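The values are calculated or read from the model by the stated rules, or taken from the named source; none is laboratory data. Every value quoted in this text rests on a predicted model; they were computed, and no experiment measured them. Quick reminder, even Gly has a Cβ in these numbers, built from the backbone with ideal geometry, and neighbours come from all protein chains shown. Accessible surface areas use protein heavy atoms only, side chains included; no ligands, DNA or RNA. Shrake-Rupley method; radii C 1.70, N 1.55, O 1.52, S 1.80 Å.
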Amino acid sequence: KIENQISEINSNRNKYLLQVECLEKMNCYLQKLDGVSQLQELMGYEGLAAKAYFAAHFNNVVWKGRKPRIKSDYVNSVLDIGYTMLFSYIDALLMCFGFDTYCGFLHKQFYMRKSLTCDIIEPFRVIIDHEIKKAINLRQIKQEDFIVINNQFRLKYVENPKYIKFLMSPIIENKEEIFEYVQQFYRSFMKGNSITEYPRYRW
């Protein structure tokens with residue numbers, strides 16, 4: 001996931017200072033992962049990397065950072081929609097291969113949480129991040145497309161088709177890569193392969 005986030009920031013030809021600093025931080029966190037022995041420490045570095053990444057990635061809009069499920073602004077709301085669509089797509093693939101998607105390895109089992117799907121979605125989130133930033137630049141995403149209910153930004157019903165179309169587009173464009181990843185994950189799992197033989201998705 002962090003490698004793909006770094007790749008996304010690197011795709012900017014003319015980098016602002018914030019993006020340069022972000023890359024330095026994220027590469028530092030990435031290097032420290034080799035010495036991690038505790039899950040809590042691993043998640044800590046992942047969180048620090050995500051904080052730096054989102055601030056640098058969405059430099060084309062004024063916002064206060066990623067706040068999952070709170071929907072405190074329209075960017076967070078669109079991210080939630082896009083991630084949910086990607087989550088559902090990956091979850092369906094995993095179930096086609098016979099996985100119990102409630103049983104994960106990085107995300108521990110928790111009541112009513114599909115922990116395995118939470119694990120597998122991580123390297124693919126950048127697909128949605130990229131599309132949303134592009135959509136903001138193209139004015140496909142606008143604050144006036146949302147209404148505020150109980151301090152949460154909710155997409156207007158009439159705007160649903162437009163948002164579903166452009167958010168589903170990158171998922172369909174990458175459907176073969178996503179399928180092959182899940183297929184290779186299944187084969188590695190069934191063979192009892194070491195973790196080094198499991199698939200890696202490169203953005």
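Some notes on this structure:
- Residue check for Asp34: within 19 Å of Ser169 (Cα to Cα) and either acidic (Asp, Glu) or free of Cβ contacts under 8 Å to residues at least 12 places away in the same chain (or both): no
- Residue within region 175-190 that is β-branched (Val, Ile, Thr) and at pLDDT 95 or above present: yes
- Residue within region 148-157 that is within 24 Å of Val62 (Cα to Cα), β-branched (Val, Ile, Thr) and surrounded by fewer than 16 Cβ atoms within 10 Å (Cβ to Cβ) present: yes
- Taking the criterion of being of a type in the set (Lys, Arg) and out of contact with any Ser or Thr (no Cβ under 8 Å at 6 or more places or on another chain), the residues of region 154-203 that qualify are Lys156, Lys162, Lys165, Lys175, Arg187, Lys191, Arg200.
- Within region 136-182, tally of residues that are hydrophobic (A, V, I, L, M, F, W, C), over 17 Å from Ile121 (Cα atoms) and part of a helix (DSSP H, G or I): 4
- Boolean, Phe189 is of a type outside the set (Ser, Thr, Tyr) and surrounded by fewer than 16 Cβ atoms within 10 Å (Cβ to Cβ): yes
- Where a residue in region 188-202 is under 20 Å from Glu3 (Cβ atoms) and its partner, wherever it lies, is of a type in the set (S, T, N, Q) and surrounded by 11 or more Cβ atoms within 10 Å (Cβ to Cβ), with Cβ under 8 Å and at least six apart: Glu197/Ser188; Tyr198/Gln184; Tyr198/Ser188; Pro199/Gln184; Pro199/Ser188; Tyr201/Asn4; Arg202/Asn4; Arg202/Ser7
- Condition check for Thr84 on (1) more than 18 Å from Glu21 (Cβ to Cβ); (2) in contact with a helix residue (DSSP H, G or I) (Cβ under 8 Å, 6 or more places away or on another chain): one failure, at (2).
- Qualifying residues in region 42-80 (those that are aliphatic (A, V, I, L, M) and in contact with a helix residue (DSSP H, G or I) (Cβ under 6 Å, 6 or more places away or on another chain)) - the one modelled with the lowest pLDDT: Val61
- Among residues of region 66-122 being more than 14 Å from the chain's Cα centre (by Cα) and under 18 Å from Asn151 (Cβ atoms), the one that is most open to solvent (accessible area, probe 1.4 Å) is Ile70.
- All conditions but one from (1) part of a helix (DSSP H, G or I); (2) open to solvent by 50 Å² or more (accessible area, probe 1.4 Å); (3) farther than 22 Å from Asp119 by Cβ apply to Ala56; the one that does not is (2).
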